[in-house]
Amino acid sequence: MISLSAYAVAPVAGIGLRAILAEEAGFQVNGTFDSIETLEVNLRETPPNLLLLELSSALNLHDLERVASLNSQTATIAWFDIVSSEYLSQAMALGAKGALSRNSSVKTHIECLKAVADGY
């Protein structure tokens with residue numbers, strides 16, 4: 001079972017993610033959060049295998065580094081709409097284990113989540 005928590009600024013993104021993964025065997029969503037503070041509490045209390053972290057103007061690289069370092073067993077995936085390659089490279093250097101465009105298909109989302117959970 002792959003457990004996942006997600007940080008998404010837009011509530012509908014979190015709701016959509018929950019609905020998609022509810023239909024997919026092998027996933028458990030620990031929670032979707034729209035504030036870094038609430039996410040941090042969840043990561044300390046119930047660390048997931050995966051953290052899907054939406055890159056947005058509300059989240060800076062310091063936040064990403066702090067959240068990614070909370071639990072070494074949780075693999076962070078940078079989830080983005082539009083981001084520069086430099087910003088994405090910095091996110092990977094600070095602890096993100098994968099990158100996923102929010103505009104990707106559902107199939108690509110599932111494949112990415114499974115691949116990162118498997119250590120790729």
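The values are calculated or read from the model by the stated rules, or taken from the named source; none is laboratory data. Everything numeric in this text was worked out from a predicted model, so none of it was measured. No Cβ is skipped: glycine too gets one built from the backbone with ideal geometry, and neighbour counts run over all protein chains shown. What goes into the accessible areas is simple: the full protein's heavy atoms, side chains included, and nothing from ligands, DNA or RNA. Shrake-Rupley method; radii C 1.70, N 1.55, O 1.52, S 1.80 Å.
Would you confirm whether or not region 21-42 contains a residue that is of a type outside the set (K, R), touching a Phe, Trp or Tyr at 6+ places or on another chain (Cβ under 6 Å) and closer than 26 Å to S89 by Cα? Quick ask: steps written out before the conclusion?
First, the residues of region 21-42 that are of a type outside the set (K, R): 21-42.
From the residues that got through so far, the ones that are touching a Phe, Trp or Tyr at 6+ places or on another chain (Cβ under 6 Å) too are 21, 33, 39.
Keeping just the survivors that are closer than 26 Å to S89 by Cα gives 33, 39.
Yes - at least one qualifying residue is present in region 21-42.
Can you pull out every residue in region 32-49 that is in contact with a helix residue (DSSP H, G or I) (Cβ under 9 Å, 6 or more places away or on another chain) and among the β-branched types (V, I, T)? Explain how you work it out, then say what you get.
At the first step, the residues of region 32-49 found to be in contact with a helix residue (DSSP H, G or I) (Cβ under 9 Å, 6 or more places away or on another chain) are 32-34, 36, 39-40, 43, 48-49.
T32, I36 - these are the residues of region 32-49 that are in contact with a helix residue (DSSP H, G or I) (Cβ under 9 Å, 6 or more places away or on another chain) and among the β-branched types (V, I, T).
Across region 1-20, which residue is most open to solvent (accessible area, probe 1.4 Å) among those that are touching a residue at least 24 places away in the same chain (Cβ under 8 Å) and not small (G, A, S)?
That would be M1.
Could you list, in sequence order, all residues of region 74-91 that are at pLDDT below 85 and under 22 Å from R18 (Cβ atoms)?
Selection gives D81 alone.
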